[in-house]
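The values are calculated or read from the model by the stated rules, or taken from the named source; none is laboratory data. The model shown is predicted, which means the values in this text are computed figures rather than measured ones. Glycine gets a Cβ as well: all are built from the backbone with ideal geometry, and neighbour counts include every protein chain shown.
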Amino acid sequence: MREVAVIGIGKTAFGAFPDRDLRSLAVEAGQVCLADANVSPSQIEAFYLGNFAGPSFVGQNHLAPYIAGAIGIEHVPCTRFEAACASSGSAFFHAVSSVAAGIYDLVLVGGVEKMTSQSTPKVTEILAGAGDMMGEGRAGATFPALFAMIARRHMYQYGTTREQLAAVAVKNHANGAKNPLAHMRKVITMEQALNGKPISEPLTVYDCSLISDGAAAVLICPLERASEFTSKPAVIRGIAQTSDHVALDEKDDITTFRAVKEAAKRAYKMAGVTASDIQFAEVHDCFTIAEIVATEDLGFVQKGCGGPYAISGRTSLTGERPINTSGGLKSKGHPVGATGVAQICDVVQQIRGDAGERQVRRHDLGLAQNLGGSGATAVVTILGAA
Amino acid sequence: MTGTVYTETVVFAPPEQFAADAPYQLGIVELETGKRLTVRILGERVAIGDAVELAETRNQIPFFQKI
């Protein structure tokens, strides 16, 4: 297997853009990415796209060639991957696998979602389709409800508090306020976070990620060719995708995501590192409780200690291991199909030392964790400086 | 059918088709067989550990209530 590097990154701003359609967002991210590596569309050998629900959100199917054609990528395999909120993480995993296997050299991976053209109740209904519609979905479980039930159980088993959940939102908003591409560039206080409008008890609006429009893209190639395109390649040291039951009520212990634990184990093994070696991370904070659980599942802290860790300051921009320096899904925004690739862009930006006022001190080894549904798909990627 | 509340939440922001029901309590109930079921809660609010029983089934949705 060949080593694979990220040689180009490109993102649109995340936000609510009534004047932008899905394709124009994806095309913009792709073009920014290609320009970043000084590569022309005609050099691309395959296009992998992550998108959760374009057909439901905007009524468009057959998205991969639809977007590729508009970028100028022609006559190559163009395929859409759907794995709920891990759609583009999954597209990235499969793209990396194909380059590592020697099938292609230059592959563009995109992710896009256009969500804000639908009302919030309709978005809630479409997102619920990432769960089990014959069981939990039929009973009226929304995604906030599923993660609220995870939070309740985590609080019950480990004493996790509302303040610890809110601390995740406060930190991520502080980071996102410094990110020019973030959806909600607003610092919030602990008091605000605790007194938000209830969405699904115990979660308030400040515990929930945003409904966003946006796109992201990365360009990958074999490490041995990376110097043709960039002086700052980011090397994929380890990567794994794993699965678990879709329905939350089929999981033995809902306070942990087995798919994340397993993906992390495999990615650490492939990279030859342990959790303690990871200097910074972008984790899937679709809800504040999800960041707390992620820090446990990734092995940054012991099981049950994610709450105290979240409020300790150790994960802040100047802490020992900064988490979600982009603002995370909470503040940067969560156009679900774009999130996995956007996380890779954010980690690569840190590795390059290009994160401006959000730049972390130690940036040789970073991790991205992308989650689909209530833990049915997980992708963990470890990236390092060349 | 009886069981114990494994976890629960009260939904304030429902999907479109349940807009008229909100706010409503939803829970995962662990049945005596060990199997878990996602259900709606009828009547009095319940907490983790409470004993509950099936009250009725509407549109294939099981509604449980506190015993």
Test: residue in the stretch A:168-176 that is free of Cβ contacts under 8 Å to residues at least 40 places away in the same chain and in contact with a strand residue (DSSP E or B) (Cβ under 7 Å, 6 or more places away or on another chain)
no
Being in contact with a strand residue (DSSP E or B) (Cβ under 9 Å, 6 or more places away or on another chain) and without any contact (Cβ under 8 Å) to a residue 60 or more places away in the chain, is that true of even one residue in the stretch A:99-108?
yes
Looking only at residues that are in contact with an Asp or Glu (Cβ under 8 Å, 6 or more places away or on another chain) and of a type in the set (D, E, K, R) in the stretch A:205-231, which one is nearest to the other protein chains (Cβ to nearest Cβ)?
A:213
Residues satisfying the stated conditions in the stretch A:299-347, i.e. surrounded by fewer than 24 Cβ atoms within 10 Å (Cβ to Cβ) and either in the same structural domain as residue A:82 (by TED's automatic domain parsing) or within 22 Å of residue A:93 (Cα to Cα) (or both):
A:299
Considering only residues that are among the charged types (D, E, K, R), at the interface with another protein chain (Cβ under 9 Å from one of its Cβ atoms) and outside any loop (DSSP other than H, G, I, E, B), which ones fall in the stretch B:31-61?
B:36, B:40
Of A:263, A:281, A:275, A:234, which residue is under 18 Å from the mean Cα position of the chain (by Cα) and farther than 22 Å from residue A:84 by Cα?
A:234
Within the stretch A:340-375, tally of residues that are touching a strand residue (DSSP E or B) at 6+ places or on another chain (Cβ under 6 Å), within 22 Å of residue A:296 (Cα to Cα) and not charged (D, E, K, R):
13
Just to be sure, is residue B:6 more than 17 Å from residue A:199 (Cβ to Cβ), among the aromatic types (Phe, Trp, Tyr) and at pLDDT 95 or above?
yes
Helices (runs of 4 or more DSSP H) enclosed by the stretch A:200-317 - at least 1 residues per element that are in contact (Cβ under 8 Å) with a residue 12 or more places away in the chain and closer than 30 Å to residue A:63 by Cβ:
A:258-271, A:288-297
